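Notes follow once the structure below has been shown.
The values are calculated or read from the model by the stated rules, or taken from the named source; none is laboratory data. Everything quoted here is computed from the prediction, not taken from an experiment. Cβ placement follows ideal geometry from the backbone for every residue including glycine, while neighbour counts extend to all protein chains displayed.
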Amino acid sequence: AKSKSVVPVEGFDWGQYICSNNLVGAPVSCFKHVPMGMCWGDIAEGVRVEVLNSDTNLSTKVYWVAGIVKLAGFKALLRYEGFDNDSSKDFWRNLCIPEIHPVGWCASSGKPLVPPKSIHHKYSNWKAFLVKRLTGAKTLPPDFATKVQENMQYPFKKLMRVEVVDKTHLCRTRVALVEQVFGGRLRLVYEESQDGTDDFWCHMYSPLIHSIGWSRSIGHRFKRSEVTKKMEGQMDAPSQLFLKVKDVDQSGDWFKDGMKLEAIDPLNLSAICVATVRKVLADGYLMIGIDGSEAADGSDWFCYHSASPSIFPVGFCEINSIELTPPRGYTKLPFKWFDYLREMGSIAAPVKLFNKEVPNHGFRVGMKLEAVDLMEPRLVCVATVTRIVHRLLRIHFDGWEDEYDQWVDCESADLYPVGWCQLTAQKILILEASN
Amino acid sequence: AAEASGRKWEQKQVQIKTLEGEFSVTMWASDDKK
C-alpha cells in the first residue's frame, strides 16, 4: 500500500488557493453526510449576511452587511455592501462559524451596523442605501446557526465499542473503542492495544465499522479479544447508529464462490482489479479476493456488500475506458476476460446482482474538495475530482503523483467540502509546500 | 434545490439597526418545512 509522508498544517489558505488558480469548490450539497449537507441548496452567491466589520477604528465590535461573491464548499468570498465592483477588500469566511449571521441578527442583539471606514464617505444616507440594497435580497434563514450546531452533534461517544476491520488482516474484524470523535470521524483504538496507539480512523458511516456481534451474525472472521471484562464507562454502540445496508434476497440467483468480477483493490485504491467471490456471507456480504495477489490463507480477502459501489461486473472497466489491473503474474496481455474466464473455468457474476444506481451527485471534473487518504485514514487532504464514471469519482491529491489517486464513491463519507477541516478543527494537509 | 431539501424561500420583515436608528426591510429567507 502506498502511503504518504506528510506534515499537517493548521492554516492552509483555501481562499488564496481557489482565487489565485480560479478554482471551483464542490458545493456542500454534494456531501449529504456533512453538517448542512441536506439543506445547503439555499445558500448561493448574492445571499447577504451580517459579519464583523474589520475596517473600522472603533474600539467596540461592530458589524456590517456583506454579500456572497463566490462559494467554495463551506467557505464564501464576501464583499461588504457599498464596495460595488471593488474587490480589494474581499475576504473569505467559513459560513458555518459563529461570526456569520443572518441579516437582522445585529438588531435583535442590540448591535449597530457601522459601514467600513474606507467607504464611510461614499453615502450620506446609509439607511436609504441599505433599504435599496437589501429589499428583495436573500439572507440566511434565522435558524441557520442553530441548524449548524444541531448538525454537528454526533451520536458516537468515547468508550463505545464497535467491530472494525483489522487493518493488519483485512479478512477479519476486531473490537475497538471510540477514542475521539471529530466531525463524525472516529478515532478507534483496538481493544487490546496496550498503549492506545494501535488505532484506526474512519467516518461513523464507514462500511468498515459495525455493531458488536455483526461478524458472528453474518459469518465473517473475527479476532476474539483477550479482554474479557469491560472497563467502566464502556458500552456497545447501539446498532441503529451504523450505516444501513440494502436488504437483498439471496435465495434465488445469487453470487457464488468462484464467480469473477472487478473490484477496487482495498490495498491500492487507485486500481480496479480482476477479482473473485471467495465466500458468500449472510445479509448480502461477500468476501472478495484480488486475483494474483491473494495470500494462501485468505488473510487479505476483503468484505464488500453486494450493493457496494466498489465492485463491478466483468467488463465494467472496458466499457468505461478504465484500465483494468490484470492478475499479478498473468502474462497473456492485453488481458481479455473471455480468455481468462475460459482458462480459469470460471463464470462472471451476473450483471443484475450489482448496484447500478447512480445518484444525482452534482460533482464535476475539476472541483476541489477535502478527501481522506484512505491508505492513511487519519489524513484529510486537499484534493480534486479528476474523473467521473457514473457514481465513481477519481480523486487526485493535489501535489502528489497520479499513482496516489483513489477511486471513491460519490456518496463516500470520506469526502468533504472545502472548509470542513476548519469547521471541525482538524488540521488539513497541504501536500507539497512547493505547490 | 431548496424545495427538494424541504426548504422554501419566504419573504420576511428584517430589522436593521444602524447608528442613525432602526428600520425594517423585506428580504427573502428560507424556512425549514421539514
Report task. Those residues that are within 14 Å of chain B (Cβ to nearest Cβ) and farther than 19 Å from B:Ile16 by Cα, I need them from segment A:78-116; list them, please. Result -> A:Leu95
Report task. Please work out if A:Lys132 is charged (D, E, K, R), within 14 Å of another protein chain (Cβ to nearest Cβ), assigned to a helix (DSSP H, G or I) and surrounded by 15 or more Cβ atoms within 10 Å (Cβ to Cβ). Result -> no
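I'm trying to understand the selection: among the residues of chain B, which are at pLDDT 75 or above, among the charged types (D, E, K, R) and either in contact with a strand residue (DSSP E or B) (Cβ under 9 Å, 6 or more places away or on another chain) or surrounded by 16 or more Cβ atoms within 10 Å (Cβ to Cβ) (or both)?
B:Lys8, B:Glu10, B:Lys12, B:Lys17, B:Glu22
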Requested in this report: Would you confirm whether any residue within segment A:140-157 is in a helix (DSSP H, G or I), more than 9 Å from chain B (Cβ to nearest Cβ), hydrophobic (A, V, I, L, M, F, W, C) and more than 24 Å from A:Cys39 (Cα to Cα)?
Outcome: no
Query raised in the report: How many of the residues in segment A:367-401 are touching a strand residue (DSSP E or B) at 6+ places or on another chain (Cβ under 7 Å) and either among the small types (Gly, Ala, Ser) or not in a loop (DSSP other than H, G, I, E, B) (or both)?
Result: 19
Query raised in the report: Does A:Gly46 satisfy being assigned to a loop (DSSP other than H, G, I, E, B), at pLDDT 95 or above and within 14 Å of another protein chain (Cβ to nearest Cβ)?
Result: yes
Query raised in the report: Scanning for something surrounded by fewer than 22 Cβ atoms within 10 Å (Cβ to Cβ) and in contact with a Cys (Cβ under 8 Å, 6 or more places away or on another chain), does segment A:271-283 turn up at least one residue?
Result: yes
Query raised in the report: A:Ala296 passes all but one of (1) within 25 Å of the chain's Cα centre (by Cα); (2) assigned to a loop (DSSP other than H, G, I, E, B); (3) of a type in the set (A, V, I, L, M); which number fails?
Result: (1)
Report summary line: Output for Cβ contacts, cut-off 6 Å, separation at least six or different chains, first residue without any contact (Cβ under 8 Å) to a residue 40 or more places away in the chain in segment A:350-364, second surrounded by 15 or more Cβ atoms within 10 Å (Cβ to Cβ), reads A:Val351/A:Pro313; A:Val358/A:His390; A:Val358/A:Arg391
Query - Options A:Val65, A:Val69; residue that is surrounded by 21 or more Cβ atoms within 10 Å (Cβ to Cβ) and under 29 Å from A:Phe12 (Cα atoms) - result: A:Val65
Query raised in the report: Residues in segment A:157-180 that are buried (at least 18 other Cβ atoms within 10 Å of the Cβ) and under 19 Å from A:Leu241 (Cβ atoms): how many?
Result: 12
